[in-house]
Amino acid sequence: MNKFIIGISIIGVIIWGCIARCFAADPLEIAIIKSNDITSYEEVLNGFKEEIAKQGFSVTYREFEKKSTLVQQIKEENPNLILALGTDALTQVSQNLTDIPIVFSALLSPPEPLINKANVTGSLLDIPVKQQLEKLLATAPDVKVIGVIYHPETTEKKVQEARRAAEEMGLVLESFPIQTIREIPMIKEMEIDALLVLPDPMVCSPSIIKHLLLKSFRSRIPVMGISPAYVKAGALLALACDYQDIGRQSGEIAARIFSGTPPAEVPVSRPRASRLFLNLSIAKQIRLSIPEIIRAEAYQVFGQ
């Protein structure tokens, strides 16, 4: 058999494999669990479905309610893959299901035990701290000392990442560990030029964030938040993800699993696209002039 015939045979096998995958009699089934019904999860889900369709897989989707019988329902349904949106959803399935691949998405900073499992992988919303600090410095060039309030048991690793990034940039990171919300220091006594909010469960509770934004505003200390909601509420800026692209990343991960790669061999992904959000009203009130290049870069501007 000559090389030409061998080549044609190989191409035929590849084409047939694609056809078999696209037109299989039994479509793959994906179970969807959401932590909440919020707009960002819908954007992630849209991106996920878009990528799965692009990859040529025939799939049916079934959404399960997050309730006490969820695990039993999923076991009975036995889907090919579970898509868990948010930490609460991942917690419920990751702790109880070990023989079905789980792809998580839209998580900020999940506990390591949740994601370090052989059947679990996915996409984080976690934008690298160095990237955040670079944007903070470009927005407020006079910043030299940055403060961060955090709970050591949940956020120590992220604070160390921030400290290394700050040192590389010639900045000083002043960390303020707390065990209870009563230990949160007074902003005016922290001797900082800016406050960086990390995804810390204790610090990021709505009441605490509201308090920190108010006190920072009164002390004319710019705050870098973790989402557009923080900027709308009074932070100077935030870098946030493109949720639809996060969904596409999760779809790419699911496609690799469907193609035969074990979840444990598919690395967790971080955002490849980010969006800048600014609050010009806050900038004006704290007497900060934002460079025009940063204004032009902003995806959304509040307080115009």
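Determine which member of the set Leu212, Leu198 is in contact with a Lys or Arg (Cβ under 7 Å, 6 or more places away or on another chain), touching a residue at least 60 places away in the same chain (Cβ under 8 Å) and of a type in the set (A, V, I, L, M, F, W, C).
So the residue among Leu212, Leu198 that is in contact with a Lys or Arg (Cβ under 7 Å, 6 or more places away or on another chain), touching a residue at least 60 places away in the same chain (Cβ under 8 Å) and of a type in the set (A, V, I, L, M, F, W, C) is Leu198.
Would you please name the residue that is surrounded by the fewest Cβ atoms within 10 Å (Cβ to Cβ), looking only at residues in the stretch 117-134 that are under 25 Å from Asn96 (Cβ atoms) and in contact with a helix residue (DSSP H, G or I) (Cβ under 7 Å, 6 or more places away or on another chain)?
Across the stretch 117-134, the extreme among qualifying residues is Ala118.
Would it be correct to say that Leu213 is closer than 24 Å to Gln179 by Cβ and either over 20 Å from the mean Cα position of the chain (by Cα) or outside the structural domain of Ile282 (by TED's automatic domain parsing) (or both)?
Here the answer is yes, as Leu213 does meet what is asked.
Out of the residues in the stretch 75-109 that are among the polar types (S, T, N, Q) and outside any loop (DSSP other than H, G, I, E, B), state the one that is nearest to the chain's Cα centre (by Cα).
Top of the filtered list is Ser105.
Select from the stretch 170-197 the residues that are of a type in the set (Ser, Thr, Tyr) and surrounded by fewer than 16 Cβ atoms within 10 Å (Cβ to Cβ) and list them in ascending order.
Thr180
Looking at the stretch 218-304, what helices (runs of 4 or more DSSP H) fall wholly within it and have at least 3 residues that are over 22 Å from Leu108 (Cα atoms) and at pLDDT 95 or above?
In the stretch 218-304, 243-258, 280-285, 292-297 are the helices (runs of 4 or more DSSP H) which contain 3 or more residues that are over 22 Å from Leu108 (Cα atoms) and at pLDDT 95 or above.
Under 8 Å between Cβ atoms, at least 6 apart or on separate chains: pull out the pairs that start in the stretch 33-54 with a residue that is over 12 Å from Gln249 (Cα atoms) and end on any residue that is of a type in the set (S, T, N, Q) and part of a helix (DSSP H, G or I).
Ile33/Gln92; Ser35/Thr87; Glu43/Gln244
The values are calculated or read from the model by the stated rules, or taken from the named source; none is laboratory data. Since we're looking at a predicted model, the values are computed, not measured. FYI the Cβ positions are ideal-geometry reconstructions off the backbone, even for glycines, and counts take in every protein chain you see.
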